[in-house]
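Accompanying notes for the structure given below.
The values are calculated or read from the model by the stated rules, or taken from the named source; none is laboratory data. None of the values given here were measured: they were computed from a predicted structure. Every residue, glycine as well, gets a Cβ built from its backbone with ideal geometry; the counts of neighbours run over all protein chains shown.
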Amino acid sequence: MNTAANANLFSRLFDNLDEPGRLAIETIDGVEISYGELVARTGQMANLLVSRGVRPGDRVAAQAEKSVPALVLYLATVRAGAVYLPLNTAYTLNELDYFIADAEPSLVVCDPSRAEGIGAIAAKVKAKVETLDADGKGSLTDAASMADTAFATVARADDDLAAILYTSGTTGRSKGAMLTHDNLASNSLSLVDYWRFTRDDVLIHALPIYHTHGLFVASNVTLFARAAMIFLPKLDSERIIKLMARATVLMGVPTFYTRLLQSPALTRESTRHMRLFISGSAPLLADTHREWAARTGHAVLERYGMTETNMNTSNPYDGERVPGAVGFPLPGVSIRVTDPETGKELARDAIGMIEVKGPNVFKGYWRMPEKTKAEFRDDGFFITGDLGKIDAKGYLHIVGRGKDLVISGGFNVYPKEIESEIDAMPGVAESAVIGVPHADFGEGVTAVVVCNHGAGITEADVLKALDGRLAKFKMPKRVIVVDELPRNAMGKVQKNILRDTYANIYAK
Ligand code: AMP
């Protein structure tokens, strides 16, 4: 438990700053920001926020491209006792209208090109608007640069809100996950230990900072460890491989690893200086894990988390990093697998709902008490919506989102099982199995398959390869070969899009 005088995440990060000259962030333009400077800039930004009327507990919404000032805005918001609300840069004005109306921020920060459209939306909730562009310039930084660097960090309790992150909401309305100062601080500190971060680490930071992965896992862990991070605006394989010569850790979504593997520059030699490759936010194919190990000699460390819970499990630092598994519960985190209907805990190896409890788990959904209540068990476990199993050695395996479960002819079909079989076929790059409305079966098991270049695999080839390997009810009724699977920025396959695209293939 936290023993700091002030539970504000910012205080826990920086109150004991002993080497202010140490490098915190470096940009690809060669700009270097020390810890002392970072803290000074958050002081300026926090003073500016207060001058714009932001009070403790107020929300500060930001739809901004990745830049150091955008990170400073996050830290300053927390420092001022307000609640940071990052918004995916892909959201349209129509979508922003919902988030801003729902969260009622007192300040909205956006790209100058959107100031007019967002201004009209913000006016409805009487929020002020400041601008910040991809280079970190705009009215926000102009004004902050004139402000005083001294700022007394606002006192917060463990349970006070530090951030609200909206879930991606592929089904129903997006929900605002309320994260407390202690949720964020305790999880990052636990990861610093688990992944052995030290001051000597240099993280290649190429993730977006509107999502839990890049904002909290990558940034907070680095800052707590007093390590350095190199900020890249986005995934750039060749640059990342060059940076590996002086970096030590990469955090990525699985797409990072598949893209990096496409470069011949990725070798044992080019990764020699690195100590750790971490993957999360979407399943890393076991094949990718093996291919990476064969090429570089490094076993990717896969971990599992979500917006609502921060990080839950991780493969071990020492010990076997099992391809296709997400590892053990982090210290202080409890994981159980239950019957989705009854909530009764299941035996090892049985597939069921993954539930989690611990200091990492969020406080609830913003202004949705009913929804919050429905997703927690009476004993405090959060129902993740992910299906999985715990194996005999205690490793957690995820078999997919509960909503992706296919029920065909009354039988449960776990997409991951079919996908693993298809992916094992020579010439197949990856696959996604979905349920599509079917008059006889309720849902028809449908496989969407991507082949390696020139492999020329057909529907009949896939069905033939699966014949005898899968029970009849699990066999795909149709196999569709495509060039690529739809993915969002975090590398997640968007099965909802596939379900929409193929909604009518069994229509009579
Ligand atoms: P988000 O809230 O956007 O971070 O999405 C969280 C969801 O991503 C989880 O509920 C899982 O379904 C999925 N996820 C995260 N990490 C992994 C992983 N290592 N393997 C499989 N799925 C993952």
Between 391, 386, 404, which is more than 14 Å from the ligand (Cβ to nearest atom), among the charged types (D, E, K, R) and at pLDDT 90 or above? 391
Out of (1) in a strand (DSSP E or B); (2) within 16 Å of the ligand (Cβ to nearest atom), the odd one out for residue 496 is which? (1)
Going by what's in this entry, would residue 420 be described as surrounded by fewer than 18 Cβ atoms within 10 Å (Cβ to Cβ), touching a residue at least 24 places away in the same chain (Cβ under 8 Å), of a type in the set (Ser, Thr, Tyr) and out of contact with any Cys (no Cβ under 9 Å at 6 or more places or on another chain)? yes
Which of (1) within 16 Å of the ligand (Cβ to nearest atom); (2) touching a Phe, Trp or Tyr at 6+ places or on another chain (Cβ under 9 Å); (3) of a type in the set (Lys, Arg) is the odd one out, the single condition residue 474 does not satisfy? (1)
Counting just the residues of segment 326-351 that are within 15 Å of the ligand (Cβ to nearest atom) and over 20 Å from the mean Cα position of the chain (by Cα), which one comes out modelled with the lowest pLDDT? 340
Residues in segment 479-489 that are in contact (Cβ under 8 Å) with a residue 40 or more places away in the chain and of a type in the set (D, E, K, R) total 1
Got a number for residues in segment 276-325 being within 15 Å of the ligand (Cβ to nearest atom), of a type outside the set (Lys, Arg), modelled with pLDDT of 95 or more and not in a loop (DSSP other than H, G, I, E, B)? 15
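Report yes if some residue within segment 88-95 is of a type outside the set (D, E, K, R) and without any contact (Cβ under 8 Å) to a residue 24 or more places away in the chain; otherwise report no.
So the first thing to find is which residues in segment 88-95 are of a type outside the set (D, E, K, R), and the list is 88-94.
Now restrict to residues that are without any contact (Cβ under 8 Å) to a residue 24 or more places away in the chain: 92, 94.
Scanning segment 88-95, I find at least one residue that is of a type outside the set (D, E, K, R) and without any contact (Cβ under 8 Å) to a residue 24 or more places away in the chain, so the answer is yes.
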Of the residues that sit in segment 20-37 and are touching a helix residue (DSSP H, G or I) at 6+ places or on another chain (Cβ under 7 Å) and within 26 Å of residue 156 (Cα to Cα), which one is surrounded by the most Cβ atoms within 10 Å (Cβ to Cβ)? 24
Residue satisfying condition, being β-branched (Val, Ile, Thr) and touching a helix residue (DSSP H, G or I) at 6+ places or on another chain (Cβ under 8 Å), within set 322, 326, 217: 217
Selection within segment 415-431 - of a type in the set (A, V, I, L, M, F, W, C), more than 24 Å from the chain's Cα centre (by Cα) and outside any loop (DSSP other than H, G, I, E, B): 418, 422, 428
Being over 29 Å from residue 423 (Cβ atoms), part of a loop (DSSP other than H, G, I, E, B) and not hydroxyl-bearing (Ser, Thr, Tyr) is the filter here, so list the residues in segment 326-345 that pass it. 331, 332, 333, 341, 343, 344
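Give the residue that is farthest from residue 275 (Cα to Cα), with candidates limited to residues of segment 182-201 that are hydroxyl-bearing (Ser, Thr, Tyr) and in a helix (DSSP H, G or I).
Top of the filtered list is 186.
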Condition first: surrounded by fewer than 16 Cβ atoms within 10 Å (Cβ to Cβ) and outside any helix (DSSP H, G or I). Now tell me which residues in segment 78-103 satisfy that. 90, 92
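Quick one: which residue in 25, 100 is over 27 Å from residue 126 (Cβ atoms) and of a type in the set (A, V, I, L, M)? Spell out how you get there, then give the answer.
On the way: 100 fails: over 27 Å from residue 126 (Cβ atoms).
Just a single option satisfies the conditions, and that option is 25.
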Kindly establish whether residue 403 is within 22 Å of the chain's Cα centre (by Cα) and within 30 Å of residue 183 (Cβ to Cβ). yes
Inspect segment 136-159 for any residue being touching a Cys at 6+ places or on another chain (Cβ under 6 Å), buried (at least 17 other Cβ atoms within 10 Å of the Cβ) and closer than 23 Å to residue 66 by Cβ and give the result as yes or no. no
Segment 112-134 residues that are of a type in the set (S, T, N, Q), paired with ones that are surrounded by fewer than 21 Cβ atoms within 10 Å (Cβ to Cβ) (beta carbon under 6 Å, 6 or more apart): 131/112; 131/115; 131/139
Being farther than 18 Å from residue 366 by Cβ, modelled with pLDDT of 95 or more and not hydrophobic (A, V, I, L, M, F, W, C) is true for just one of 53, 81. Which residue is that? 53
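Assess whether residue 332 counts as being at positive phi and buried (at least 18 other Cβ atoms within 10 Å of the Cβ).
No, not satisfied.
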Could you list all residues from segment 202-254 that are within 13 Å of the ligand (Cβ to nearest atom) and either part of a loop (DSSP other than H, G, I, E, B) or not small (Gly, Ala, Ser) (or both)? 207, 208, 210, 211, 212, 213, 215, 216, 217, 251, 253, 254
Within segment 122-181, can you find the residues that are assigned to a loop (DSSP other than H, G, I, E, B), within 16 Å of the ligand (Cβ to nearest atom), farther than 18 Å from residue 63 by Cα and not polar (S, T, N, Q)? 172, 173
Could you check segment 447-488 and list, in sequence order, the residues that are under 21 Å from residue 405 (Cα atoms) and part of a loop (DSSP other than H, G, I, E, B)? 469, 470, 471, 475, 476, 477, 485, 486, 488
How many residues are under 24 Å from residue 56 (Cα atoms) and under 25 Å from the mean Cα position of the chain (by Cα) if we restrict to segment 3-40? 9
